[in-house]
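Everything below concerns the one structure shown next.
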Protein chains: 2
Amino acid sequence: MINQLITRIRQTGAPIVVGLDPMMKFIPQQIQKDAYAQYGETLEGAAEALWQYNKGIVDAIYDLIPAVKPQIAMYEQFGVPGMIAFKKTVDYCREKGLVVIGDVKRGDIGSTSEAYAVGHLGKVQVGEKFCYGFDEDFITVNPYLGSDGVKPFIRVCQEEKKGIFVLVKTSNPSSGELQDRLVDGKPVYELVGEQVAAWGQECMGDGYSYVGAVVGATYPEQGRILRKVMPKAFILVPGYGAQGGRGADLVHFFNEDGLGAIINSSRGIIAAYQQDKYARYGAANYADASRAAVLDMREDIAGALERV
Amino acid sequence: MINQLITRIRQTGAPIVVGLDPMMKFIPQQIQKDAYAQYGETLEGAAEALWQYNKGIVDAIYDLIPAVKPQIAMYEQFGVPGMIAFKKTVDYCREKGLVVIGDVKRGDIGSTSEAYAVGHLGKVQVGEKFCYGFDEDFITVNPYLGSDGVKPFIRVCQEEKKGIFVLVKTSNPSSGELQDRLVDGKPVYELVGEQVAAWGQECMGDGYSYVGAVVGATYPEQGRILRKVMPKAFILVPGYGAQGGRGADLVHFFNEDGLGAIINSSRGIIAAYQQDKYARYGAANYADASRAAVLDMREDIAGALERV
């Protein structure tokens, strides 16, 4: 799947992943009204609104980008109906040929991580049969529990030729409280980065490993260091746009081959119509605004990489 | 909810939480057969088996214990039907008067943690209405992203009078890879423990805080230290039984008031009938075996606390 991701990045010229993180305040009123008319102001109604909103965006941008990253929390908050909308989104995006990165940030003790791994990336045995649960292509994984909490994911990646992105240095303001603390003179994120590099050796694609890392766009200096610590790991970079990262900050997340990083934007794309810059599209054409925002983001990143 | 948990611990004389972590290999063949006869060897069939198995156990033990802890991964692995079984289990246990600790180990950047918090502990706005998603009483939270990843959970706890248990020192063998590393001479788990104590001051129940901690039974020495670092935090202690912890190891997780800790056992209770000690019950009476195992566990812990 890492090979497929790289192929699609090359085809589209866009090392971009769009975060499908639908918040109610992003969803045009008309979509909400239609959904509530059908299902009432219920979890089912909310889930329908999420799904219709996503579908509009995906239809408008799927040819421009290699991948999407649905943030499961935005669905899980609507309970079981929300999870149904998550699953519909995953399946629809895969049908459209997109690589799907489930942003689930799971991680637990060994036997439990195994259940998450089969549920999101693999297949689970039921009687004599094997069934797929959520069936994403990649997921994000939390490393706080150590390697026996991560290795079950790697085993399933090997079986299924799928991948994970391990949280190394997250984009949020307080990520440093734990991740920047020094252990034997080295920050925690660097120790985790070293683990990512070691785990990745166990499952290599053609040029990059199935085991990638999450490093926030908001921390470009750490990105530069981690790029060297984990040369074969693809870096998933959240925090572009709304969280403050810009194209010029991102160049050091890439390797000299122009690969090695994929930049996420969520609200900057999916709620583009709410920005002054794209307001002319209006709520009814929110998906066209998203398409315009993807094109601008592609240009911003390509420009920054050319100037290196 | 922390007050209610303590009341129920006093009523039952059992500082015990039963982990409802159904693995297929624990579920008696007959229950599986009946479920597959109805739904086929599908995710729906598996989910039905989980639910019937849980219901049998809950009916047999609900009067003996204060709380249950369903591990969501064991449901999530069966996709959407598994999540439906999780929700049915949560609702049924709450109807039976049990405190429900959702073992979900969520944690993300601020806006995303907020979605997890409302989805699992609070209510989410849909149009003019407010709806509950999964609606547990407590959940477990991963601290790797720092305080802006944890505080949204605390805000919802304050609103809803619910609680969280933050992962501090987990029970698994490799938990030390990150959690035991020394920062300024102090292990990471102690730093996180200090944060738990600080966060907890913002939401105190009568004697204990809404913000508790997870510390594995398999690390009694760390439990002793953390008990002092976080005197007002309830400690959720996994790892009793199958993972190797014994009653005598647990005494230092408690405060002098005999409270402050709740010990989890999962397979030791729910799959008791598969142990030699309870084999006489047979698979058909698996729930009675679970009841016997709860009574034995209560005695083991009470005995250990008396000997202090």
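For region A:8-17, indicate whether the set of residues that are at the interface with chain B (Cβ under 10 Å from one of its Cβ atoms) and of a type in the set (Val, Ile, Thr) is non-empty. Among the residues of region A:8-17, not one is at the interface with chain B (Cβ under 10 Å from one of its Cβ atoms) and of a type in the set (Val, Ile, Thr), which makes the answer no. In region B:114-139, the residues that are more than 7 Å from chain A (Cβ to nearest Cβ) and closer than 19 Å to B:GLY205 by Cβ form Cβ pairs under 6 Å with partners that are aliphatic (A, V, I, L, M) and surrounded by fewer than 21 Cβ atoms within 10 Å (Cβ to Cβ), at six or more places apart or across chains, as follows: B:ASP137/B:MET1.
Just to be sure I understand the filter: pairs with C-beta atoms under 7 Å, separated by 6 or more residues or on different chains, first member in region B:92-109 and under 14 Å from B:LEU64 (Cβ atoms), second member open to solvent by 30 Å² or more (accessible area, probe 1.4 Å) and basic (Lys, Arg). Which pairs pass? These pairs meet every condition: B:VAL99/B:ARG8.
Residues that are buried (at least 24 other Cβ atoms within 10 Å of the Cβ) and either in contact with a Cys (Cβ under 6 Å, 6 or more places away or on another chain) or assigned to a strand (DSSP E or B) (or both): does region B:128-138 have at least one? Taking every residue of region B:128-138 in turn, at least one turns out to be buried (at least 24 other Cβ atoms within 10 Å of the Cβ) and either in contact with a Cys (Cβ under 6 Å, 6 or more places away or on another chain) or assigned to a strand (DSSP E or B) (or both). Of all residue pairs spaced 6 or more apart or on separate chains, those with beta-carbon atoms under 6 Å, a first member in region A:170-187 that is of a type outside the set (Asp, Glu) and a second member that is open to solvent by 60 Å² or more (accessible area, probe 1.4 Å) are A:SER171/A:GLN243; A:VAL183/B:ARG181. Consider region A:18-43 and keep the residues that are among the charged types (D, E, K, R) and outside any helix (DSSP H, G or I). The one that is nearest to the other protein chains (Cβ to nearest Cβ) is A:GLU41. Screening region B:77-101 for residues that are outside any helix (DSSP H, G or I) and within 15 Å of A:VAL80 (Cα to Cα) and picking the one that is nearest to the other protein chains (Cβ to nearest Cβ) gives B:GLN77. Just one of the numbered conditions (1) at positive phi; (2) out of contact with any helix residue (DSSP H, G or I) (no Cβ under 6 Å at 6 or more places or on another chain) is not true of A:GLN158: (1).
Residues are listed down the side, and each one gets a yes or a no for (1) assigned to a strand (DSSP E or B); (2) in contact with a helix residue (DSSP H, G or I) (Cβ under 9 Å, 6 or more places away or on another chain); (3) under 30 Å from A:PHE26 (Cβ atoms):
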position: A:VAL166; (1), (2), (3): yes, yes, yes
position: A:SER174; (1), (2), (3): no, yes, yes
position: A:GLU177; (1), (2), (3): no, yes, yes
position: A:LEU191; (1), (2), (3): no, yes, no
position: A:VAL196; (1), (2), (3): no, yes, no
position: A:GLY212; (1), (2), (3): yes, yes, yes
position: A:GLY223; (1), (2), (3): no, yes, yes
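Considering region A:151-174 alone, what residues qualify as being within 18 Å of the chain's Cα centre (by Cα) and either at the interface with chain B (Cβ under 9 Å from one of its Cβ atoms) or basic (Lys, Arg) (or both)? Correct list: A:LYS161, A:LYS162, A:LEU167, A:LYS169, A:THR170, A:SER171, A:ASN172.
Entry remark, region A:173-208: residues being closer than 15 Å to A:ASN142 by Cα and in contact with a Gly (Cβ under 8 Å, 6 or more places away or on another chain) number 4 in total. Residues in region B:37-55 that are in contact with a strand residue (DSSP E or B) (Cβ under 8 Å, 6 or more places away or on another chain), of a type outside the set (Gly, Ala, Ser) and either open to solvent by less than 30 Å² (accessible area, probe 1.4 Å) or closer than 14 Å to B:PRO22 by Cβ (or both): B:LEU43 only. Among the residues making up region A:198-210, those that are part of a helix (DSSP H, G or I) and away from chain B (no Cβ under 14 Å) are A:GLY200, A:GLN201.
The set of residues in region A:160-197 that are surrounded by fewer than 19 Cβ atoms within 10 Å (Cβ to Cβ), of a type outside the set (S, T, N, Q) and out of contact with any strand residue (DSSP E or B) (no Cβ under 9 Å at 6 or more places or on another chain) comprises A:LYS161, A:PRO173, A:GLY185, A:LYS186.
Any residue in region B:177-190 that is at positive phi, modelled with pLDDT under 95 and of a type outside the set (Lys, Arg)? Scanning region B:177-190 turns up at least one residue that is at positive phi, modelled with pLDDT under 95 and of a type outside the set (Lys, Arg). If the condition is being in a loop (DSSP other than H, G, I, E, B), surrounded by fewer than 17 Cβ atoms within 10 Å (Cβ to Cβ) and hydrophobic (A, V, I, L, M, F, W, C), then region B:225-276 contributes only B:LEU259. Restricting attention to region B:285-308, the residues being surrounded by 20 or more Cβ atoms within 10 Å (Cβ to Cβ) and at pLDDT below 95 number 1. Checked against (1) part of a helix (DSSP H, G or I); (2) within 11 Å of chain A (Cβ to nearest Cβ), B:LYS105 meets all criteria but (1). Out of B:GLN32, B:GLN4, one residue alone is out of contact with any Leu (no Cβ under 7 Å at 6 or more places or on another chain) and surrounded by fewer than 20 Cβ atoms within 10 Å (Cβ to Cβ). It is B:GLN4.
Listed by first and then second residue, the pairs linking a residue in region A:198-219 that is at negative phi and open to solvent by less than 10 Å² (accessible area, probe 1.4 Å) to a residue that is part of a strand (DSSP E or B) and at pLDDT below 95, with Cβ atoms under 8 Å apart and 6 or more places separating them unless they lie on different chains, are A:GLY216/A:GLY245; A:ALA217/A:TYR240; A:ALA217/A:GLY245. Within region A:56-76, if we keep just the residues that are closer than 24 Å to A:GLY13 by Cα and part of a helix (DSSP H, G or I), the residue that is most open to solvent (accessible area, probe 1.4 Å) turns out to be A:ASP59. With respect to (1) more than 8 Å from every other protein chain (Cβ to nearest Cβ); (2) touching a Phe, Trp or Tyr at 6+ places or on another chain (Cβ under 6 Å), the lone exception for A:ALA46 is condition (1). Within region B:140-150, being at the interface with another protein chain (Cβ under 10 Å from one of its Cβ atoms) and either open to solvent by less than 10 Å² (accessible area, probe 1.4 Å) or part of a loop (DSSP other than H, G, I, E, B) (or both) holds for B:THR140, B:ASN142, B:PRO143, B:TYR144, B:LEU145, B:GLY146, B:GLY149, B:VAL150.
The values are calculated or read from the model by the stated rules, or taken from the named source; none is laboratory data. Just so it is clear, the structure is predicted and the values come from calculations on it, not from any experiment. So basically every Cβ, Gly included, is an ideal-geometry build from the backbone, and we count neighbours across all protein chains shown. Side chains included, ligands, DNA and RNA excluded: accessible areas come from the protein's heavy atoms. Shrake-Rupley method; radii C 1.70, N 1.55, O 1.52, S 1.80 Å.
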